[in-house]
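Notes for the one structure printed next.
The values are calculated or read from the model by the stated rules, or taken from the named source; none is laboratory data. The structure displayed is predicted, hence computed values, not measured ones. Ideal geometry is used to build each Cβ from the backbone, glycine not excepted, and the neighbour counts take in all protein chains shown. Calculation scope for accessible area: heavy atoms of the full protein, side chains included, ligands and nucleic acids excluded. Shrake-Rupley method; radii C 1.70, N 1.55, O 1.52, S 1.80 Å.
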Amino acid sequence: MIFSILFLTSRFAYSFDYFFQGTDWPDLCNQGTKQTPIDIEADLTVKILSNEPEYSWIEFHMQELGLQANTDGGGYKFLGDFGSMTMYQGNLAIMSTKLVNFHFHSPSENYLNGSQFDLEMHVVMEDEAKIYSHAVFGVLFKVEEGAFNTFIDKVAKAYYGNMIITLAEAFTSLQVKNYLQFSGSLTTPPCTENVFWIIDTNVRKISPEQFNFFNRMWAGNEKFAGGNGNNRMIQPINDRTVTHFIGFANHFGYIGILLGFYLL
Ligand SMILES: [Zn+2]
């Protein structure tokens, strides 16, 4: 009995690398039909506007933690009890999650309109109702001369020692109203499917120096997977739908306030 448990454990304790960008990963990674990452074409998304009943928005609750990066297995990962996410339709909570880790890929794993980005952060969550195996919130970053991201600055410094970090600093608002959503998988073995994916359409900017911190670890490092990044190759969308939630609530609210002042 003990022997078989050990055998099963080792059978599923995959080790993997990025020498072939994941094309050599076994089992579901190879045979799955709802795999991540994907290239999202804006024209092909189903759009749901904030005045439609299916429109859902997201609210995060975050806390500060003293953290040091975990650099095992070709990743750059932070583990902790970062907070929670609730998804709402109107005032009705339809999904609750617990944030369990965040980590980085460079270059990005997901593409938008055929374009890859310089860096992608994945905030991994557990679905409290266990309907989904996980939920992942993806944030894309691109390099811009003169940009500086204070969150990424702390994330890079945490390589050298404990840093007080809150994921809230990576967000412009803790309410996310514009995003892409699709059903996908983990992007590393065992590539488990039934993952609820959310990609924030707000692409953040980082400086060339901030990008270099990640690039030196992966795509710019000959010793890491022969010069590949730690991004898995994009996967077929197959018959999946990507939904683009477009929240105009703030704009309408703003116009409403302006009109209100005008009429007064
Ligand atoms: Zn990831």
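Would you mind telling me which numbered condition in (1) at pLDDT below 95; (2) in contact with a strand residue (DSSP E or B) (Cβ under 8 Å, 6 or more places away or on another chain) N51 fails?
The failed condition is (2).
Pick out the one residue from W218, W197 that is of a type in the set (A, V, I, L, M, F, W, C), within 12 Å of the chain's Cα centre (by Cα) and open to solvent by less than 40 Å² (accessible area, probe 1.4 Å). It would help to see each step written out before you state the result.
On the way: W218 fails: within 12 Å of the chain's Cα centre (by Cα).
Going through W218, W197 in turn, just one is of a type in the set (A, V, I, L, M, F, W, C), within 12 Å of the chain's Cα centre (by Cα) and open to solvent by less than 40 Å² (accessible area, probe 1.4 Å): W197.
Among the numbered conditions (1) touching a Ser or Thr at 6+ places or on another chain (Cβ under 9 Å); (2) surrounded by 15 or more Cβ atoms within 10 Å (Cβ to Cβ); (3) of a type in the set (S, T, N, Q); (4) assigned to a loop (DSSP other than H, G, I, E, B), tell me where T188 comes up short.
T188 satisfies all of (1) touching a Ser or Thr at 6+ places or on another chain (Cβ under 9 Å); (2) surrounded by 15 or more Cβ atoms within 10 Å (Cβ to Cβ); (3) of a type in the set (S, T, N, Q); (4) assigned to a loop (DSSP other than H, G, I, E, B) except (1).
Specify which of the listed residues (I198, I164) is farther than 17 Å from F60 by Cβ and either hydrophobic (A, V, I, L, M, F, W, C) or part of a strand (DSSP E or B) (or both).
Values: I198 fails: farther than 17 Å from F60 by Cβ.
So the residue among I198, I164 that is farther than 17 Å from F60 by Cβ and either hydrophobic (A, V, I, L, M, F, W, C) or part of a strand (DSSP E or B) (or both) is I164.
Which of the residues spanning region 98-107 are within 13 Å of the ligand (Cβ to nearest atom) and either assigned to a strand (DSSP E or B) or modelled with pLDDT under 95 (or both)?
Result: V100, N101, F102, H103, F104, H105.
Go through (1) touching a Lys or Arg at 6+ places or on another chain (Cβ under 8 Å); (2) closer than 30 Å to E128 by Cβ; (3) surrounded by 19 or more Cβ atoms within 10 Å (Cβ to Cβ) one by one and return the number of the condition R240 breaks.
Going through (1) touching a Lys or Arg at 6+ places or on another chain (Cβ under 8 Å); (2) closer than 30 Å to E128 by Cβ; (3) surrounded by 19 or more Cβ atoms within 10 Å (Cβ to Cβ) one by one, R240 breaks only (3).
What do you reckon, is L92 among the aliphatic types (A, V, I, L, M), modelled with pLDDT of 95 or more and within 15 Å of the ligand (Cβ to nearest atom)?
no
For region 148-162, indicate whether the set of residues that are more than 20 Å from A219 (Cα to Cα) and within 13 Å of the ligand (Cβ to nearest atom) is non-empty.
no
Among the candidates V203, V176, single out the residue that is touching a Lys or Arg at 6+ places or on another chain (Cβ under 6 Å), more than 16 Å from the ligand (Cβ to nearest atom) and not small (G, A, S).
Values: V176 fails: touching a Lys or Arg at 6+ places or on another chain (Cβ under 6 Å).
The match here is V203.
Which residue pairs have Cβ atoms under 7 Å apart, sit 6 or more places apart or on different chains, and have a first residue in region 113-126 that is of a type in the set (D, E, K, R) and a second that is near the ligand (Cβ under 9 Å from one of its atoms) and outside any strand (DSSP E or B)?
E120/E109
Counting just the residues of region 138-166 that are among the aromatic types (F, W, Y) and over 16 Å from R204 (Cα atoms), which one comes out surrounded by the fewest Cβ atoms within 10 Å (Cβ to Cβ)?
Top of the filtered list is Y160.
Need pairs with beta-carbon distance below 7 Å; first residue under 16 Å from E120 (Cβ atoms) and within region 146-159, second part of a helix (DSSP H, G or I) and hydrophobic (A, V, I, L, M, F, W, C); sequence gap 6+ or separate chains.
F151/A170; A156/F213
Mind checking whether some residue in region 74-93 is among the β-branched types (V, I, T) and open to solvent by 10 Å² or more (accessible area, probe 1.4 Å)?
Pass one, region 74-93, residues among the β-branched types (V, I, T): 86.
Next, from what is left, pick out any that are open to solvent by 10 Å² or more (accessible area, probe 1.4 Å): 86.
Scanning region 74-93 turns up at least one residue that is among the β-branched types (V, I, T) and open to solvent by 10 Å² or more (accessible area, probe 1.4 Å).
I'd like to know if region 56-71 contains one or more residues that are within 16 Å of the ligand (Cβ to nearest atom), closer than 30 Å to P208 by Cα and not in a loop (DSSP other than H, G, I, E, B).
Yes, because at least one residue in region 56-71 is within 16 Å of the ligand (Cβ to nearest atom), closer than 30 Å to P208 by Cα and not in a loop (DSSP other than H, G, I, E, B).
Of everything in region 108-145 that's farther than 15 Å from L180 by Cα and in contact with a Pro (Cβ under 9 Å, 6 or more places away or on another chain), which residue is farthest from the ligand (Cβ to nearest atom)?
It comes out as E145.
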